[in-house]
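Take a look at the structure below.
The values are calculated or read from the model by the stated rules, or taken from the named source; none is laboratory data. As the structure is a prediction and not an experimental result, all values here were calculated from the model. Positions of Cβ are backbone-derived with ideal geometry, glycine not excepted, and every protein chain shown enters the neighbour counts. All accessible areas refer to the heavy atoms of the entire protein, side chains included, with ligands and DNA or RNA removed. Shrake-Rupley method; radii C 1.70, N 1.55, O 1.52, S 1.80 Å.
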Amino acid sequence: MSNATIRVRFAPSPTGPLHMGGVRTALYNYLLAKQLGGQMILRIEDTDQTRFVAGAEEYIIESLTWCGIEFDEGVHVGGPYGPYRQSDRKELYVEYVQQLLEAGHAYYAFDTPEELEALRAASSNFQYDASTRHGLRNSLSLSKEETARLISEGTPYVVRARIPAGEEILVDDLIRGEVRVQSSTLDDKVLFKSDGMPTYHLANIVDDHLMQITHVIRGEEWLPSAPLHVLLYRFFGWTAPRFAHLPLLLKPDGNGKLSKRDGDRLGFPVFPLRWTDPKTGDVSSGYRESGYFPEAFVNLLALLGWNPGTEQELMTMDELVALFSLERVNKSGARFDPEKAKWFNQQYLRRHSDAGLATLFIPVLASKGINAQTATVEKIVALVKDRVNFVNELWDQSWFFFTAPQTYDEVMVKKRWKPESGALISQLAEKLTALPHFTTEALDAAVNEFLVEKQVGMGAVMTVLRLAVIGSGMGPHLTEVIALIGPDEFARRIKNAVTTLQ
Ligand code: GLU
């Protein structure tokens, strides 16, 4: 692919929160632009006023910023091809629709919604096209005078594309190859509405042209619109950009498109950030608030539909920029695996230094009223980080470093706590708290000595000791825990367990 000023755009409609599939579309556009030294543009397609949702545009920008997807031009950064919000370009489209009307590629249609409804009710496969348009109320079937009269009287109308009959339309797609469509399968799509706004199709083509977009990379759901878009470029006499339609994101079982309902049902987010519906107040979870690192989220999204051609799975944004290619984007849908998503986060969590993780964990501790030394927290995260996928799971794996157990696992107590256990661990505790150096190594050595002295097995003693210190069978190497909580706290926990369980 030549790198002569490639210009790509992400063109979401602010109709709600951005689905993770939308983030992936933005990501692929970004990767290509970065790799080839081109420009990445954010254009807001808000021509359908009925679907406008307050806060959606801000949400889109915040989500992409969180992911590290940057724009060279767009609603939030400006640029030489602005404005970048279609509702701010309203006047501009009138001129272009006029151009199509004059050239005979578009026409006025006066049919009321009720009339069209009745036609659809009468015939389920009714289509407004070359075979039906002459029997309907439009500027092709009515006389020039009648048309002029209706317009001057203020009769509501729309402008429709005049799709030619009996033609094969070719969409040359960088991912799907040559897609051929018979024009008779297309309807005369509305390009301009009675509210004075263009539809998506017209505004999209005009803007891609005016913004000098070279590659349109978007979701597969737009493939059915591509033949119309190809025709519109031809009607205008413009060169069409290259098209690349990305495969769908599929449900974990591979059956159908990944939806918010799947996320709710199976317990994973489908949106990058938490979203509160401004009308209903319903809250949808986000990857950010679920504890995902943006790097992990970006990495897992990149691999939903693309692979580098090797077994490599972990890639930073810079590596993705270097490795990405549209040639390696799959045609078939990409199945989303929520377990694999967690695995990615775990990998990124492990890549953090102990100091870095401690910085993230300290606020979690603070929210629980725990004010721990940074050095201690660093040691603790080092011991438990291999057991978690998320920072917010660190607490579940390490609470016993900060606070004594309130209960003791009943099943374990029944099975392992013997009449002599209390005396045995009290003696051991006495020996351990008397050590001059309360380190893991010193504790391990003293425990071994004790086992030999008392002629008892490791399992019998350590399980009971763990029960007393942690309250259950969980946790890392026990003497690491004991060393970190210190001799006083250790002695208190033993005493408490012995009196409670005796
Ligand atoms: N506004 C469309 C959307 O919401 C853009 C489709 C395109 O990229 O052409 O996805």
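I need the phi-derived Karplus couplings for segment 279-296: 6.51 cos²θ - 1.76 cosθ + 1.60, θ = phi - 60°, integer Hz, Gly and Pro marked x.
8, 8, x, 4, 10, 10, 6, x, 4, 4, 6, 7, x, 6, 7, x, 5, 5
Quick check: at a probe of 1.4 Å, how many percent of the accessible area of segment 28-179 sits on carbon and sulfur atoms?
Percent of accessible area from carbon and sulfur atoms in segment 28-179: 50.
For segment 359-477, what does the accessible surface come to per residue with a 1.4 Å probe? Please give it in Å².
Result: 53 Å² of accessible area for each residue.
Relative to a virtual label point 7 Å from the Cα of Phe390 in the Cα→beta-carbon direction, which members of segment 287-315 show backbone nitrogen distances below 20 Å?
Label zone hits: 287-302.
Taking only C-alpha pairs under 8 Å that are 6+ residues apart, what is the relative contact order of segment 204-282 in percent?
Taking the mean separation of contacting Cα pairs over the length of segment 204-282, I get 25 percent.
Hey, can you grab everything whose amide H is under 5 Å from the amide H of Arg335? Only 5+ residues off in sequence or another chain; H modelled, so Pro and N-termini drop out.
Correct list: Leu250.
Under 8 Å for C-alpha pairs, at least 6 residues apart: give me the relative contact order for segment 1-46, rounded to a whole percent.
Computed value for segment 1-46: 60 percent relative contact order.
Taking just the alpha-carbon atoms of segment 415-480, what radius of gyration and Dmax come out, in angstrom?
Values for segment 415-480 (Cα only, Rg and Dmax): 11.3, 34 Å.
Taking the Cα centre of segment 237-370 as the origin, how large is its charge dipole in debye, to the nearest 20, when only Lys and Arg (+1) and Asp and Glu (-1) carry charge on their Cβ atoms?
Computed about the Cα centre, the dipole is about 380 debye.
Determine the equivalent ellipsoid of the chain by diagonalising the alpha-carbon gyration tensor, then write out the semi-axes as square roots of 5 times the eigenvalues, largest first, rounded to whole Å.
66, 22, 19
Roughly how many nanometres apart are two label points built 7 Å out from the Cα toward the Cβ at Phe450 and Val77?
Result: 6.1 nm between the two label points.
Can you give the accessible area per residue of segment 98-229, in Å², using a 1.4 Å probe?
It amounts to 47 Å² per residue over segment 98-229.
Taking the highest mean first, how do the peptides 401-413, 370-382 order by number of other beta carbon atoms within 10 angstrom per residue?
370-382, 401-413
Given points 7 Å out from each Cα along the Cα-Cβ axis, report the Glu221 to Glu420 separation in nanometres with one decimal.
About 7.0 nm separates the two model spin labels.
What is the distance, in nm, between label points placed 7 Å from the Cα along the Cα-to-Cβ direction at Val94 and at Glu339?
6.0
Sequence-distant or interchain residues sharing an amide H contact under 5 Å with Gln39, placed H: which?
For Gln39, whose amide H was placed from the backbone, the distant partners under 5 Å are Ile6, Arg7, Val8.
Go through Lys90/Lys331; Lys260/Lys340; Lys368/Lys431; Lys90/Lys189 and tell me which ones have a Cα-Cα distance over 24 Å in this structure.
Lys90/Lys331; Lys368/Lys431
Taking 8 Å as the Cα distance limit and 6 or more residues as the minimum spacing, I'd like the relative contact order of the chain as a percentage.
12
Test of understanding: what is the full-extension gain from Ala355 to Ala148, defined as 0.36 nm times their sequence separation minus their Cα-Cα distance?
Working it through step by step, the gained length comes to 67.0 nm.
Could you go through segment 202-216 in sequence order and give the Karplus-derived ³J(HN,Hα) for each residue, using 6.51 cos²θ - 1.76 cosθ + 1.60 with θ = phi - 60°, rounded to whole Hz, and x for Gly and Pro?
Along segment 202-216, the couplings run 5, 4, 4, 6, 4, 6, 4, 5, 5, 8, 6, 6, 9, 9, 9 Hz.
Based on the Kirkwood radius over alpha-carbon pairs, what value in µm²/s does the Stokes-Einstein equation return for the translational diffusion coefficient of segment 209-308 at 37 °C and 0.692 mPa s?
Using the Kirkwood radius from Cα pairs, D works out to 200 µm²/s.
Taking the Cα centre of the chain as origin, work out the dipole magnitude from +1 charges on Lys and Arg Cβ and -1 charges on Asp and Glu Cβ, in debye rounded to 20.
Computed about the Cα centre, the dipole is about 1000 debye.
Roughly speaking, to the nearest percent, how much of segment 217-268's 1.4 Å accessible area is carbon and sulfur?
The value for segment 217-268 is 52 percent carbon and sulfur by accessible area.
At 222 nm, what helix-only mean residue ellipticity would the chain give, in deg cm²/dmol to the nearest 500, using -39500 (n - 2.57) for each DSSP H run of four or more?
After summing the helix terms and dividing by residue count, I get -14000 deg cm²/dmol.
Please sort by residue number the trypsin sites (Lys or Arg not before Pro) in segment 240-284 whose DSSP state is loop and whose Cβ has at most 12 other Cβ atoms within 10 Å.
Listed in order of number, the matching sites are Lys279.
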